[in-house]
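The values are calculated or read from the model by the stated rules, or taken from the named source; none is laboratory data. All values derive from a computational prediction rather than experimental measurement. FYI the Cβ positions are ideal-geometry reconstructions off the backbone, even for glycines, and counts take in every protein chain you see. The area values use the complete protein model at the heavy-atom level, side chains included, leaving out ligands, DNA and RNA. Shrake-Rupley method; radii C 1.70, N 1.55, O 1.52, S 1.80 Å.
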Amino acid sequence: MSESQVSAAIHDFASSLHQLWEKQSEEQQQRVQADYLSRAYERRVRSFYEERGINYSNGTAASEVAGLDELEKNLGFMKKRLEKQRIIHVQAVKEVNAASSSLRSGMMSIFEALESFCLERLEGYQQMRNPNKGGKDEEKHRVVYDKECKKLKDLTKKGAESSKIEIVSISVGRLLLRINVSVTSIDAISRRIDKLREENFLPQLSELIQGLIRMWTFMAECHKKQLQKIMEAKSHVQVASCKITGDSGLRATTKLEMECLNWEKCFGDWINAQKSFVKFLNGWLIKFISQENEETCNGIAHFSKGRVGAPETFIVCKNWYQAVQKMSESQVSAAIHDFASSLHQLWEKQSEEQQQRVQADYLSRDYERRVRSFYEERGINYSNGSAASGLSGLDELEKNIGFMKKRLEKQRIIHVQAVKEVNAASSSLRSGMMSIFEALESFFLEGLKGYQQIRNPNKGGKVEW
């Protein structure tokens, strides 16, 4: 069962659905026409009775009413037309029912075709999964065949009875027939595997690689644009600022650090998944090729898919495997990890700055409260930081809170230094982000070059897809 047969069954079913739609549309039109004529006829009859003062309800029998001939004369043609329309509508209903009943056979044809197609494919893939089964059977028969041939030769040399020689000879003939059947079966299975691989698997493999090339091209262009935008944002955006105070700034920095670490892990897993898939696929295909080393005049020639004339599928997968093995995501991972470390250092600086700011605010309020209390005790209105000069007791004020004032000034200096460290850590984030996207752009460009070197089966060489 081929794909064309499955497609034909689905197409026939779609045609049946279209025919059913046509029948349903026709039936609907005939029903509407019949309903219209029925209402018109009913209206004429009701009008006939009302003109004669007769209460017409539930279809009063016309035979009991005078003027029957007049009724038949006026409405006879309409009645015949209504009856004819009802017959047409009944026929349309029958055609709709017939078209509906045919859908079941159409669906059965589809699923029968699909079942046959899937079973044939499954059988082929099972043979691909265990391609050496027929060869093992042939080897068993050949071992027994060699033993029987040796036995026949020994009996002939010894001059054994003809009956014994004939029995062994018949056994040898049967074994030879089995060997020939096994060889024929192996050849048929091999041809079927080759057909499945080259006609079904190779086009899908080519489509997958073409899709991956488009993806890698898009990713390289995307990271290039991201890098450009970050470079353009030099004089426009401050990545982090101490103006973001409180726990919200610390939580934002911590969340960004965790996202970066997760990004690093997911990126590595994504690349390793691609490598593992291609490695498994290439290893599976290698099982179908004999890897015995060939002896030449220059020594033993190592196994090579190209040298043994392997089909396109094997060469494409080998090129793909070599391309992904050359990929190294270490620079990207290192850049992301360094950026996450910079974020952690920024978080530490922000935390330190927050502590110093809280301490400075506390000392400032305490100092302000002591000065205000000093003025209030002397009955002086202290507002907007009144100057202490010219007041009696200034020495006493300096004596009481001088140490506190020095401590406050020192704390403010420490806080200013912490702010500078936060700003310095913030400004370094831009260079860290640039390093990430530079590494990403370089990685995807190198990967794209590797993909473009994969042999294109449609063009017969290492050319761009």
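Summary table below
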quantity: ³J(HN,Hα) computed for each position of the stretch 434-441 - Karplus, 6.51 cos²θ - 1.76 cosθ + 1.60, integer Hz, glycine/proline x; calculated: 4, 4, 4, 6, 5, 5, 5, 4
quantity: Residue-span extension gain [GLN29 to ILE54] - 0.36 nm each, minus C-alpha spacing; calculated: 5.5 nm
quantity: Net charge, GLU27 excluded, C-beta distance under 15 Å - Lys, Arg +1, Asp, Glu -1; calculated: 0
quantity: Length added when fully stretched, ASN272-ARG104, from 0.36 nm per residue minus Cα-Cα; calculated: 55.6 nm
quantity: Derived scalar couplings ³J(HN,Hα) [the stretch 413-418; Karplus, 6.51 cos²θ - 1.76 cosθ + 1.60; whole Hz; x for Gly, Pro]; calculated: 5, 4, 5, 4, 5, 5
quantity: Whole-Hz ³J(HN,Hα) from phi, Karplus 6.51 cos²θ - 1.76 cosθ + 1.60, for the stretch 88-102, glycine and proline x; calculated: 4, 5, 4, 5, 5, 5, 4, 5, 5, 5, 5, 5, 5, 5, 6
quantity: Rounded to the nearest 10 Å², the accessible area of ASP338 at probe 1.4 Å; calculated: 90 Å²
quantity: Area accessible to solvent at SER25, 1.4 Å probe radius, in Å²; calculated: 40 Å²
quantity: Probe 1.4 Å, all protein chains present, accessible-area order of TRP216, TRP347, largest first; calculated: TRP347, TRP216
